[in-house]
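Read through the structure below, which is laid out as structure tokens, and then see the notes.
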Amino acid sequence: MRKPIIAANWKMHKTVKEANDFLQEFIPLVEGNNDVDIVLCVPFTVLDAVSKKIADTNITLGAQNVYCQDKGAFTGEVAPQMLLEFGTKYVIIGHSERRAVFGETDELIKEKVNKALQSGLIPILCVGETLEEREKGFTEAKCRKQIEAVFHGLTKDQAAQIVIAYEPIWAIGTGKTASSSDAEQTISYIRSLLSGIFDEDTALKVRIQYGGSVKPENVQDLMAQPNIDGALVGGASLDPQSFAKIVNYKE
Ligand code: PGA
């Protein structure tokens with residue numbers, strides 16, 4: 001059985017004070033929820049504060065990026081060990097904003113995923129199509145390219161650890177959500193790709209999230225789909241009440 005994983009992606013939001021205020025309200029709201037892995041992927045600058053505040057809770061720490069080297073002359077980058085120092089367990093890799101705004105390629109994303117796995121971080125690998133690609137019928141081709149670029153060459157054990165976030169780019173931050181059946185269709189296609197690269201047993205172990213305008217109002221429908229194992233939540237994760245409602249979708 002795959003345990004659902006619901007992750008906040010705070011993007012470039014929240015100072016230390018704002019993060020502490022969030023947690024003050026959020027922690028009691030989700031206390032006792034052990035049905036779901038609850039992850040907060042926060043900016044580097046609040047990793048320390050958040051890690052202290054969530055110690056001894058059911059919340060796990062995540063980051064939003066990592067570099068593919070251990071150390072060196074890479075100004076502005078952050079190494080896996082620097083994240084692990086704060087107890088970080090998950091790291092988002094290849095978010096569409098990293099790909100579009102910062103020019104990250106599938107090759108770099110593969111190197112980052114490899115490095116994260118070797119270092120003991122669990123990648124949350126983001127894939128998904130643009131509106132133009134969807135309208136031209138290229139959704140599956142785009143996801144296949146992004147999945148194959150990363151998963152080819154991994155062992156089955158490595159593959160099974162990775163969390164995939166399917167995020168149609170046109171649904172990110174726009175208020176437009178893919179219908180739960182469209183999301184399910186693409187996510188089950190992604191699972192079939194993993195089955196082809198590895199085997200069915202491995203494909204059934206990989207947790208695949210949906211991301212893109214997930215809100216308290218649509219989370220139940222999405223989570224009711226057999227292949228959707230969680231959500232990666234941007235805007236609605238910034239408010240403790242709304243993110244708690246998403247995390248507690250079973251109640
Ligand atoms: P959104 O962002 O929930 O604000 O659409 C999701 C994401 O980019 O991970």
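The helix-only estimate of mean residue ellipticity at 222 nm for the chain, built from DSSP H runs of length n ≥ 4 each weighted as -39500 (n - 2.57), is -12500 deg cm²/dmol after division by the residue total. Computed extension length for A224-E31: 67.2 nm, one decimal, from 0.36 nm per residue of separation with the Cα-Cα distance subtracted.
Shown here for region 135-243: GluC sites (Glu not before Pro) in loop regions (DSSP other than H, G, I, E, B) with at most 14 other Cβ atoms within 10 Å, namely E217.
Full extension of the chain segment joining E111 with E148 gains 12.0 nm, where the gain is 0.36 nm per residue of separation less the Cα-Cα distance. One quarter of the convex hull surface built on the alpha carbon atoms of the chain amounts to 12.5 nm², the projected area averaged over directions. In plain terms, the residue of Y210, Y189, Y67 with the fewest other Cβ atoms within 10 Å comes first and the most crowded comes last, giving Y189, Y67, Y210.
Panel note: the C-alpha atoms of region 74-166, placed on their principal axes, show extents of 44, 32, 19 Å (largest first). Of the trypsin sites (Lys or Arg not before Pro) in region 77-145, the ones in a loop by DSSP (not H, G, I, E or B) with at most 13 other beta carbons within 10 Å are K136. A straight Cα-to-Cα reach below 17 Å connects K142 with the aspartates and glutamates E97, E104, D106, E107, E129, E132, E133, E167, D182, E184, residues fewer than 8 places away in its own chain not being considered.
For the residue pairs K14/K176; K71/K110; K176/K250; K11/K136; K52/K89; K176/K245, alpha carbon separations beyond 21 Å are given by K14/K176; K176/K250; K11/K136.
For the chain, the Cβ-based charge dipole about the Cα centre amounts to some 240 debye (Lys, Arg positive; Asp, Glu negative; other atoms uncharged).
Remark: the Q81-M1 segment gains 25.7 nm on full extension, using 0.36 nm per residue and subtracting the alpha carbon distance.
Restriction of the GluC sites (Glu not before Pro) in region 16-78 to DSSP coil positions whose beta-carbon has at most 16 other beta-carbons within 10 angstrom yields E31, E77. Listed by chain and number, the aspartates and glutamates placed with their C-alpha closer than 18 angstrom to that of K17 are E25, D48, D239; residues fewer than eight positions away on the same chain are left out.
All of the numbers you see were taken from the coordinates with simple rules; none came from a lab. Just so you know, these numbers come straight off a predicted model, no measurement behind them. Quick reminder, even Gly has a Cβ in these numbers, built from the backbone with ideal geometry, and neighbours come from all protein chains shown.
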